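One structure, pasted below without further comment.
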Amino acid sequence: MNKVKQYLKSFFYSYAWLAVLLLIIDQLTKVWALKAKLDITLIPNFLHLTYVRNTGAAWSMFDGNMLALALISFVVGTLLIVARIKYRTKLDTFKKILFAVVLAGTWGNFIDRAFYKLLTGAEGVVDFIHFQFGNYHFPVFNVADICITLGILSYVVLLLVEEFKALKAPKTEAKVKDDTNEEKDGE
């Protein structure tokens, strides 16, 4: 029983549950969009739910290269898991959460690329969230795309803040040492 408790505690504090939860939400929303063949305007000229299949990556880049994109998703997802395991003791809670979020998005789109043609007969990632700004239509996206984008942007911002703090810290420590040395020299 202790091993089960230990495993559950590890699963909870690793935030693997968050990756699983977000992956399930992503897949359920895609199935819903696929079955409903969405074409709904929620806020005119701003927010729509529009079912589309994207056979490329972001902004339909590399359109039609599903096998290559599936392999890239698989490799990136696997590398994320390896990195998460390797650095498990060096990550704070926020970084663990960000890893889980990006991992969920990566595997969510991998599932679409690798298996949706087998399951639905149609190729491509299911996208359905569609923003419009005036005459500009932002590329349609899904929950996995949100996870990847927000996770990576948050991680970059976090790294920049940490770098900024690290750059300031040595100067402060050097100034304290200089002030201490000046006091000793003055005595």
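Read-outs: derived from the displayed coordinates by stated rules, not from any lab. Bear in mind that the values here come from a model prediction, so they are computed numbers and not experimental data. Because the Cβ atoms are built from the backbone with ideal geometry, glycine has one as well, and the counts that use them run over all protein chains shown.
Through the Karplus equation 6.51 cos²θ - 1.76 cosθ + 1.60, θ set to phi - 60°, convert the phi angles of region 132-147 into ³J(HN,Hα) values in whole Hz; use x for Gly and Pro.
Once rounded to whole Hz, the list reads 10, 10, x, 8, 8, 9, 5, x, 5, 9, 9, 4, 4, 4, 4, 4.
Once label points are set 7 Å from the Cα along Cα→Cβ at both Leu158 and Leu47, what is their separation, rounded to one decimal in nm?
Calculated label separation equals 2.6 nm.
Determine the gain in length on full extension of the stretch Phe12-Leu91; use 0.36 nm per residue of separation and subtract their C-alpha separation, reporting nm with one decimal. All intermediate terms of the calculation are to be shown ahead of the outcome.
Numbers: separation 79, 0.36 × 79 = 28.44 nm, distance 1.46 nm.
So the chain would gain 27.0 nm between Phe12 and Leu91.
Say the cut-off is 26 Å between C-alpha atoms; which of Lys35/Lys96; Lys35/Lys95; Lys30/Lys90; Lys5/Lys96; Lys3/Lys86; Lys37/Lys117 go over it?
Result: Lys35/Lys96; Lys35/Lys95; Lys30/Lys90 exceed 26 Å.
Going by how many other Cβ atoms sit within 10 Å of their own, how do Lys168, Lys30, Lys90 line up, fewest first?
Fewest-to-most Cβ neighbours within 10 Å comes out as Lys90, Lys168, Lys30.
For Val31, Val101, Val82, what's the fewest-to-most ordering of other Cβ within 10 Å of each Cβ? Please report the intermediate quantities before stating the final value.
Numbers: Val31 13, Val101 23, Val82 10.
If I rank by nearby Cβ atoms, fewest first, I get Val82, Val31, Val101.
Could I ask something else about it? So what is the relative contact order for the chain, in percent, with contacts set as C-alpha pairs under 8 Å and at least six apart? Walk me through the intermediate numbers first.
On the way: 209 pairs, mean separation 48.7, N = 187.
RCO, the chain: 26 percent.
State to the nearest 20 debye the size of the charge dipole of region 18-167 about its Cα centre, where the only charges are +1 on K and R beta carbons and -1 on D and E beta carbons.
With only Lys, Arg, Asp and Glu charged at Cβ, the dipole is about 460 debye.
Just going by the charge dipole of the chain, with Lys and Arg at +1 and Asp and Glu at -1 on Cβ, which of Leu158, Tyr7, His137 is farthest out on the positive end?
Towards the positive end, the residue furthest out is Tyr7.
Alpha carbon centre of region 101-170 versus region 16-60: separation in Å?
Using only Cα atoms, the two centres lie 12 Å from each other.
With each run of n ≥ 4 DSSP H residues scored as -39500 (n - 2.57), what mean residue ellipticity at 222 nm is computed for the chain after dividing by its residue count and rounding to the nearest 500 deg cm²/dmol?
Calculated mean residue ellipticity at 222 nm is -24000 deg cm²/dmol.
Once you place label points 7 Å from the Cα toward the Cβ at Val82 and Phe131, how far apart are they in nm?
3.4 nm
Let me ask you something else. Going by C-beta contacts inside 10 Å, put Ile148, Ile85, Ile72 in order with the fewest on the left.
Fewest to most other Cβ atoms nearby, the residues stand as Ile85, Ile72, Ile148.
How much length would be gained if the chain were fully extended between Leu118 and Phe62, taking 0.36 nm per residue of separation minus their Cα-Cα distance, in nm to one decimal?
Extra length from Leu118 to Phe62 when fully extended: 18.1 nm.
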